[in-house]
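The values are calculated or read from the model by the stated rules, or taken from the named source; none is laboratory data. Everything numeric here is computed off the predicted structure, so don't read it as measured data. Please note: Cβ atoms are built from the backbone with ideal geometry, for glycine as well, and neighbour counts cover all protein chains shown.
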Amino acid sequence: MRLNYRKPINISSFSRRGKEMMLGLLFALVFFGSAARVPAHGGEDHADEKPKIATTTAGTVSRSSRLGDFEIMLKHSSLEPDSAAAGRLFITKFATNEPADNASPAIEIESASGAVTPTTIEKTEAAGSYVVRIPALSEGIYTVRTKLTHGGETDTATFSGVEIKHQESAADASVSSWTQTALLVTIFLIALGLFGGLVFFALRVFKDKPLGGEESVV
């Protein structure tokens, strides 16, 4: 006599395989998220901090700070060792952003050893605008102090960590950019391969080990 019955569904086996799939998907999501965050360095927003420092793609550096009722902005190109440079200083009223001529500026540069080098400041025809002559300095880290004298008082804005070094050439910058792009593409492909492998493994588990079936007994 042949009896047929259906093997009961193995709930514990299903739960185990379900957990494996969930863990695999969670791993893939975490890996993709980490890869997407790689180039996020450098985009920090410090709008509330003073002084502010910004660098354009052309290499122009802008340093700005509030000094009492005024706001100053010092703009110059990237500083090279042993090369004189010229910059521009702008003085405006903080409340209205209007050019200000009722303050006398001075800028000095201090090296890590404490040596102080003054700069030459020339007034232009435009209100609140000055040309700053920066003398040749050796390679190193400096502190730039901008002073404003007005109404018998002197306020000082300090910009620390000013680095004078040989700048990266355009060719080196291109190679660096290409290397970073290639690295990101490689990480993406590895993550995609891992995710595909996890999906393939999960499908094989469900195909090779069905949840139910028929069994014959004589």
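Each residue in segment 146-181 was checked for being at pLDDT 80 or above and among the hydrophobic types (A, V, I, L, M, F, W, C), and 5 pass.
All told, GLU80 meets the bar of being at negative phi, in the same structural domain as THR117 (by TED's automatic domain parsing), under 29 Å from the mean Cα position of the chain (by Cα) and of a type in the set (Asp, Glu). Output the residue which, of all residues in segment 87-114 that are closer than 18 Å to THR156 by Cα and of a type in the set (A, V, I, L, M), is surrounded by the fewest Cβ atoms within 10 Å (Cβ to Cβ). Filtering first and then ranking leaves ALA106.
Taking segment 125-150 as the range and being in a loop (DSSP other than H, G, I, E, B) and touching a residue at least 24 places away in the same chain (Cβ under 8 Å) as the test, the residues that pass are ALA126, ALA127, GLY128, PRO135, ALA136, LEU137, SER138, GLU139. In segment 141-166, what residues are surrounded by 12 or more Cβ atoms within 10 Å (Cβ to Cβ) and either of a type outside the set (Ser, Thr, Tyr) or not assigned by TED's automatic domain parsing to the domain that holds ALA103 (or both)? Of everything in segment 141-166, those that are surrounded by 12 or more Cβ atoms within 10 Å (Cβ to Cβ) and either of a type outside the set (Ser, Thr, Tyr) or not assigned by TED's automatic domain parsing to the domain that holds ALA103 (or both) turn out to be ILE141, VAL144, ARG145, LYS147, LEU148, HIS150, ASP155, ALA157, PHE159, VAL162, ILE164, LYS165.
Results for (1) within 31 Å of the chain's Cα centre (by Cα); (2) not hydroxyl-bearing (Ser, Thr, Tyr), shown as yes or no for each residue.
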| site | (1), (2) |
| --- | --- |
| ILE109 | yes, yes |
| ALA126 | no, yes |
| VAL144 | yes, yes |
| THR156 | yes, no |
| PHE159 | yes, yes |
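Close contacts from segment 75-99, counting a first residue that is free of Cβ contacts under 8 Å to residues at least 40 places away in the same chain and a second that is loosely packed, with under 15 Cβ neighbours inside 10 Å and not in a strand (DSSP E or B), with Cβ to Cβ under 6 Å and a gap of 6+ residues or different chains, come to SER77/GLY59; PRO99/ALA127.
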